[in-house]
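Here is the structure we will look at.
The values are calculated or read from the model by the stated rules, or taken from the named source; none is laboratory data. Fair warning: this is a prediction, and the values are worked out from it, not measured in the lab. Heads up, the Cβs are rebuilt from the backbone with ideal geometry, glycines too, and the neighbour counts pull from every protein chain shown. SASA here: full protein model, heavy atoms, side chains in, ligands and nucleic acids out. Shrake-Rupley method; radii C 1.70, N 1.55, O 1.52, S 1.80 Å.
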Amino acid sequence: MTLLKREQAAPVPGAETPDLAAAPASVATGAAKPSLAGATRAELADALRALGTPEREIRMRVAQLWGWIYQRGAASFDDMLNVGKGLRGALGERFSLARPQAVSEQLSVDGTRKWLIRLPPVDGRSAEVECVYIPEHDRGTLCVSSQVGCTLTCSFCHTGTQKFVRNLTTAEIVGQLLVARDRLGDFPGRAPPADGKVPGEGSRFVSNVVFMGMGEPLYNLDAVVEAIGVMSDGDGLSLSRRRVTVSSAGVAPRLGELGARSGAMLAISLHAVRDELRDRLVPLNKKYPIAELIAACRAYPGASNARRVTFEYVMLKGINDSPAEARELVRLLKGLPAKINLIPFNPWPGSPYECSDEKTISAFSDIVFSAGYASPVRTPRGRDILAACGQLKSETEKLRARARLAALED
């Protein structure tokens, strides 16, 4: 695979930037060696056993590898100075620490970054997902994908127009966080990029992770739960589980299992208060209607005023934005520890909807807020690079064409 050189000049906001050869840790080499970047502790133990490591040393060696991979962001086994030279060599012969490949990077005028990430081929087929980083002054949020494409076909969501290909593995989900931390200089001794925003001094550049990218996380539950376990391990990436949020379109029967196994915060893509409308906006509602979904949310493990369930509500002009619907939303959620995120609709090419006007959104928010619920209106981020909520869709063929052209011009 030919890697494209990064332009030396700072990228124009909103423009695409090809692969960055200056960030080798975020590039998969295409070699046949399996990568241990993104592996669980059990998988690291199995890799060590395959090398003949004595059983009495496995726990210690796993701890060493874990710290180097996830705490320090090691890109090579040679960097692991407290691991014996012989073991480092054996690991290097059989395995790699390659991340998925960042095919392109786009930088929004507001500092949001979007990466198109190419995954190692499975059964000879390559695939790409999109991953978005949203910086604030006091935190940095990474929006990760859990599937290639999506099966749900929500009518207002661009991702839903992309054909489902497959679930991501645990390593591929964790790999998105590793790529982001590599690219942002969010490992010890690394420098942040000079061409965009990161949180203020003393803050981790990636402090929050939201499963709000491509795919329905609860249809890939095992891998999502394992990935959260890796991300939240205190000896490695060390994210707080209260800073990991899983967003679902409403797979009601699996919500309890998600909460019990992951301890993650829950967000629900609600978007309507009547089954007739939600059936059109979120077709999954035909299988798990609103009453069943809300009952599952009330039973979500750990839900409390300190761990509120977030309900996402995209504001669609003339569709779901009336005062009557705001009042019904309040009635629907009565007694449930909840927060309602009002999301101005983010347009995408060919979308059949328009965003509600500011006055309508404000009136809707006032009704919800007056009933005692936090109802922030989410500020659209990354709209100019199609990185905002509901806009993710990997334009694979276009990017491949651009990559071929750039390679010829290199």
### Query
Is at least one residue of region 137-160 assigned to a helix (DSSP H, G or I) and more than 26 Å from Ala98 (Cβ to Cβ)?
yes
### Task
Kindly list the number of the only condition in (1) modelled with pLDDT under 95; (2) surrounded by 13 or more Cβ atoms within 10 Å (Cβ to Cβ) that fails for Gly124.
(2)
### Task
State which residue is farthest from the chain's Cα centre (by Cα) when the search covers only region 356-372 and only residues that are part of a loop (DSSP other than H, G, I, E, B) and closer than 25 Å to Cys154 by Cβ.
Asp357
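Mind checking which residues of region 83-109 are charged (D, E, K, R) and buried (at least 20 other Cβ atoms within 10 Å of the Cβ)?
Arg99, Glu105
Conditions tested, residue by residue: (1) of a type in the set (A, V, I, L, M, F, W, C); (2) within 16 Å of Ala171 (Cα to Cα); (3) open to solvent by less than 10 Å² (accessible area, probe 1.4 Å).
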residue	(1), (2), (3)
Arg41	no, yes, no
Glu57	no, no, no
Leu65	yes, yes, yes
Ile69	yes, yes, yes
Ala75	yes, yes, no
Leu81	yes, no, no
### Task
Looking only at region 176-197, decide whether some residue is of a type outside the set (S, T, N, Q) and in contact with a His (Cβ under 9 Å, 6 or more places away or on another chain).
yes
### Task
Could you tell me whether any residue of region 181-198 is under 14 Å from Gly140 (Cα atoms), touching a residue at least 12 places away in the same chain (Cβ under 8 Å) and among the small types (Gly, Ala, Ser)?
yes
### Summary
Selection from region 127-168 of residues under 20 Å from Thr379 (Cβ atoms), of a type in the set (A, V, I, L, M, F, W, C), open to solvent by 10 Å² or more (accessible area, probe 1.4 Å) and at pLDDT 85 or above yields Ile134, Cys143
### Query
Given the conditions (1) over 23 Å from the mean Cα position of the chain (by Cα); (2) buried (at least 16 other Cβ atoms within 10 Å of the Cβ); (3) over 21 Å from Arg298 (Cα atoms), which single one is not true for Val330?
(3)
### Query
Which is under 17 Å from Glu172 (Cβ atoms), in contact (Cβ under 8 Å) with a residue 12 or more places away in the chain and of a type in the set (A, V, I, L, M), of Ala227, Ala272, Ala267?
Ala227
### Query
What residue, of Thr379, Thr360, is open to solvent by 30 Å² or more (accessible area, probe 1.4 Å), at pLDDT 90 or above and polar (S, T, N, Q)?
Thr360
### Query
Looking at (1) closer than 17 Å to Ser247 by Cα; (2) in a loop (DSSP other than H, G, I, E, B); (3) open to solvent by 30 Å² or more (accessible area, probe 1.4 Å), can you tell me which one Tyr353 breaks?
(1)
### Summary
Expected output for region 204-216 (first residue acidic (Asp, Glu), partner at pLDDT 95 or above, Cβ below 6 Å, 6+ apart or cross-chain) is Glu216/Ala249
### Query
Do the conditions hold for Gly189, that is, is it open to solvent by 30 Å² or more (accessible area, probe 1.4 Å) and in a loop (DSSP other than H, G, I, E, B)?
yes
### Task
Would you tally the residues in region 206-221 being open to solvent by less than 30 Å² (accessible area, probe 1.4 Å) and part of a loop (DSSP other than H, G, I, E, B)?
6
### Query
open to solvent by less than 40 Å² (accessible area, probe 1.4 Å), among the charged types (D, E, K, R) and either over 17 Å from the mean Cα position of the chain (by Cα) or within 14 Å of Gly213 (Cα to Cα) (or both), is that true of Lys114?
yes
